[in-house]
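Read through the structure below, which is laid out as structure tokens, and then see the notes.
All of the numbers you see were taken from the coordinates with simple rules; none came from a lab. Just so it is clear, the structure is predicted and the values come from calculations on it, not from any experiment. Here Cβ is always computed from backbone atoms with ideal geometry, including for glycine, and neighbour counts include all displayed protein chains.
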Amino acid sequence: MRYAEGPSVCCDVYVEAEPPRVWDLVTDIGLPARLSPELQRAEWLDGAEGPAVGARFVGYNRHRMIGEWRTVSHVVELAQQQVFGWAVVDPDGRYGDPVADPEKPLATWRFELASEGTGTRLRQYARIGPGRSGLSAVIDSAPEREEEIVAFRLAELRTNVEATLRGIKALAEEAD
């Protein structure tokens, strides 16, 4: 798969907890920093105290191959106890021209929740691009290996998403 095709990862887990409990966890933007190795911390911007369409948050990230960077995410989808989605932009121009427009994200993320039995089916989705990202810089250095580089990044994302989902599951189930 090539970067321009919008490569994505989607994983899900069954959580033995009702959607309101799971919702509280997935909308806590600081939680993934405890569960995934890449996101180091996140905080709401502009006085926002929680998710709402149009709200923004900053994320501080670290990757062993590309170092540290900052992104800004815009909440683009929100349906109580069902969907929490955000578009990630590069306002600092680390990977090209600065981009603040959530219509041109370097990635799009989304949690989906659905009531299932006595618990919740939780799905997390991540799509790379179409805007430039750290992956773009790596591809620029070895364009002949683009498909291999994208496959490697998708495997990393899958590992991180699965870790996040396992962590949310554990936290939700211990609270009940």
Item to check | For the chain, the longest site-free run once trypsin sites (Lys or Arg not before Pro) in DSSP loop states with at most 15 other Cβ atoms within 10 Å are removed | outcome: 65-176
Checklist outcome for this item: Diffing the stretch 143-152: the Karplus 3J(HN,Hα) column from phi (6.51, -1.76, 1.60, θ = phi - 60°), in whole Hz with x for Gly and Pro, holds x, 5, 10, 3, 5, 5, 5, 5, 4, 4
Next on the checklist: Please list, by residue number, every one of the GluC sites (Glu not before Pro) in the stretch 102-176 that is coil in DSSP and has at most 12 other beta-carbon atoms within 10 Å.
Outcome noted: Glu103
Next on the checklist: Using amide H atoms built in the peptide plane, which far-off residues or other-chain residues are under 5 Å from Gln40 H to H?
Outcome noted: Tyr60, Asn61, Arg62
